[in-house]
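Please read the structure below before turning to the comments.
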Amino acid sequence: MTTAPKRAKFTKGYVDKVRPEAKDAFHWDTDVKGFGLRITPTGKITFVVQGRVEGTGKEARITIGAYGVFTVDQARDVAREHLRTMRKGGDPRANKKQDEAMKVTLRQVADAYFDRPGQPLRDSTKAEMNRHIDKVFAKWADKPIASITIEDCRQRHREMCESGIDGRPAPGQAQISLVTLRTLINFANRRYPRADGSPLIAVNPVKAMAQDDWKTFEPRTRHIELHHVGQAWYALDEMRLAPKNGDALAAIDVVRFLLLTGARRTEASALTWDRVHFGKDAADCWWHLGEEDNKTGNAVWLPLSSQAVALLKERKKLADEAKKLGKPVSKYVFPTRSKAGHVSDTRAPFERLCKALGMSGLSAHDLRRTHVTVGFSACNVELFKMELLTNHVPEGVTARHYLQTQRLQYLHPETQRISDHIEREGAIVRAKATGANVVALPLRA
């Protein structure tokens with residue numbers, strides 16, 4: 001509510017004598033039409049300007065700023081500028097919004113992207129995007145996103161391809177990080193348009209540089225060859241005999257679990273005991289991934305082979321022993337002393353595995369491909385079943401729409417065949433290594 005406006009030529013003396021009323025009161029300058037001040041019942045005085053935007057019929061009232069921050073003459077000059085803009089058909093409010101948008105930083109855009117209502121990101125996705133901003137684009141984080149140029153992107157891409165973050169070439173990481181930047185720039189264009197509605201950034205610099213400088217990467221196919229799978233399993237068993245410490249043992253067991261299940265690294269390493277079930281019979285043993293626990297966002301119950309059950313029961317035995325000794329009890333199946341509370345670094349067992357196999361590199365996803373290769377090529381498991389067991393959305397229409405794609409305990413025979421093959425091949429390698437002439441039969445949990 002406001003009282004009737006007063007009119008007078010504004011001077012410092014006049015403004016100093018303005019007194020608050022029971023309601024907001026307006027005073028208008030007789031020198032510049034549309035220039036005024038508002039005084040609240042608490043005595044706060046703010047300069048304003050009011051006018052119509054030419055050609056639109058829209059009336060705009062704009063706050064200039066508080067008395068004390070602005071002098072009368074300074075506020076009058078700002079009012080004249082705003083009124084001049086309105087006479088030319090411009091809306092100062094839109095211009096101000098555009099000016100603010102031009103200053104928004106990469107970090108601010110990322111934070112706004114993460115906080116979109118109704119579109120939550122998984123913690124792992126947010127962490128990965130934040131890592132790109134904090135590591136790859138650290139120098140740009142507090143820089144206006146609109147100031148990032150095509151040449152900036154081209155140069156950073158080149159630097160990452162040549163020396164990465166730690167001095168080693170990282171062409172794949174270069175591409176992934178720029179995908180993050182491209183996503184954030186596209187979001188900035190939707191969230192912060194210019195005054196006329198056009199995009200904040202006319203041409204996405206990542207898209208522009210990609211047309212000429214972006215290397216096309218072939219899909220990765222690296223995996224452990226079938227004739228080396230037994231060597232891999234034997235090597236992992238040998239590692240487990242003398243681990244450096246409990247954390248090292250947990251990392252080795254994660255890698256073994258990956259080979260037996262084809263799980264993604266994050267799915268396995270962050271597995272909690274409340275998502276593991278040991279039933280009375282083999283077909284009733286499973287592990288669960290909730291919508292928030294995996295890449296696809298698809299809740300799924302996956303069967304466990306007897307070998308995987310034996311591995312998990314051994315982990316449970318270690319947890320029970322720690323509890324008896326009064327040590328903290330972890331909710332994780334593969335706990336460590338790290339900040340995350342669970343295995344997050346599997347480099348050591350992978351490096352040892354590479355050495356045993358004579359390979360130059362090996363990753364968790366390579367074991368996932370190995371699991372699929374063993375299932376499809378060595379155990380005759382149909383491809384759509386392998387897609388389900390590795391928590392992929394099946395490609396076939398029938399599988400997508402007619403099969404049970406969440407509770408997959410019915411695929412226990414298939415996962416058991418795969419684990420039996422891996423264990424059998426490992427037993428053969430062990431027999432050769434130890435000079436034995438008998439190959440042990442597969443063990444059962």
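Observations, loosely collected:
- In the set V69, V78, only one residue is open to solvent by 90 Å² or more (accessible area, probe 1.4 Å), more than 41 Å from the chain's Cα centre (by Cα) and modelled with pLDDT of 85 or more; that residue is V69.
- Close pairs from segment 105-122: first within 24 Å of I201 (Cα to Cα), partner at pLDDT below 90 and open to solvent by 80 Å² or more (accessible area, probe 1.4 Å), Cβ under 8 Å, at least 6 apart: V109/R191; A112/R191
- Hits in segment 426-438 - residues which are open to solvent by less than 50 Å² (accessible area, probe 1.4 Å), under 42 Å from the mean Cα position of the chain (by Cα) and not β-branched (V, I, T): G426, A427
- Flag if P413 is open to solvent by less than 90 Å² (accessible area, probe 1.4 Å) and at pLDDT 90 or above: yes
- Top-ranked residue of segment 315-327 - restricted to ones that are in contact (Cβ under 8 Å) with a residue 24 or more places away in the chain and open to solvent by 30 Å² or more (accessible area, probe 1.4 Å), ranked as farthest from the chain's Cα centre (by Cα): L318
- Among the numbered conditions (1) open to solvent by less than 70 Å² (accessible area, probe 1.4 Å); (2) within 45 Å of the chain's Cα centre (by Cα); (3) modelled with pLDDT under 90, the only one that A110 does not meet is (3).
- Any hit, segment 328-342, residues being assigned to a helix (DSSP H, G or I) and small (G, A, S): no
Yes/no matrix, rows are residues, columns are (1) touching a His at 6+ places or on another chain (Cβ under 8 Å); (2) under 19 Å from V372 (Cβ atoms):
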| position | (1), (2) |
| --- | --- |
| A235 | no, no |
| E238 | no, no |
| A242 | no, no |
| A248 | no, no |
| V254 | no, yes |
| T261 | yes, yes |
| E267 | no, yes |
| H277 | yes, no |
| D284 | yes, no |
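- Residues located in segment 378-410, provided they are farther than 23 Å from H365 by Cα and modelled with pLDDT of 95 or more: none
- Test: residue in segment 345-356 that is open to solvent by 40 Å² or more (accessible area, probe 1.4 Å) and aromatic (F, W, Y): no
- F47 assigned to a strand (DSSP E or B), farther than 28 Å from R194 by Cα and without any contact (Cβ under 8 Å) to a residue 40 or more places away in the chain: no
- Long-range neighbours under 6 Å by Cβ, at least six apart or interchain, first residue in contact (Cβ under 8 Å) with a residue 40 or more places away in the chain and within 23 Å of Q416 (Cα to Cα) within segment 248-260, second open to solvent by 10 Å² or more (accessible area, probe 1.4 Å) and hydrophobic (A, V, I, L, M, F, W, C): L258/A364
- Taking segment 300-316 as the range and being under 20 Å from V381 (Cα atoms) and outside any strand (DSSP E or B) as the test, the residues that pass are L304, S305, S306, Q307, A308.
- R347 within 24 Å of the chain's Cα centre (by Cα) and under 19 Å from L249 (Cα atoms): yes
- In segment 63-85, the residues that are among the acidic types (D, E) form no Cβ pair under 6 Å with any partner that is in a helix (DSSP H, G or I) and open to solvent by 90 Å² or more (accessible area, probe 1.4 Å), whether six or more places apart or across chains.
The values are calculated or read from the model by the stated rules, or taken from the named source; none is laboratory data. Remember, predicted model here, so these are calculated numbers, not experimental data. Glycine gets a Cβ as well: all are built from the backbone with ideal geometry, and neighbour counts include every protein chain shown. Heavy atoms of the whole protein, side chains included, go into the accessibility calculation; ligands, DNA and RNA do not. Shrake-Rupley method; radii C 1.70, N 1.55, O 1.52, S 1.80 Å.
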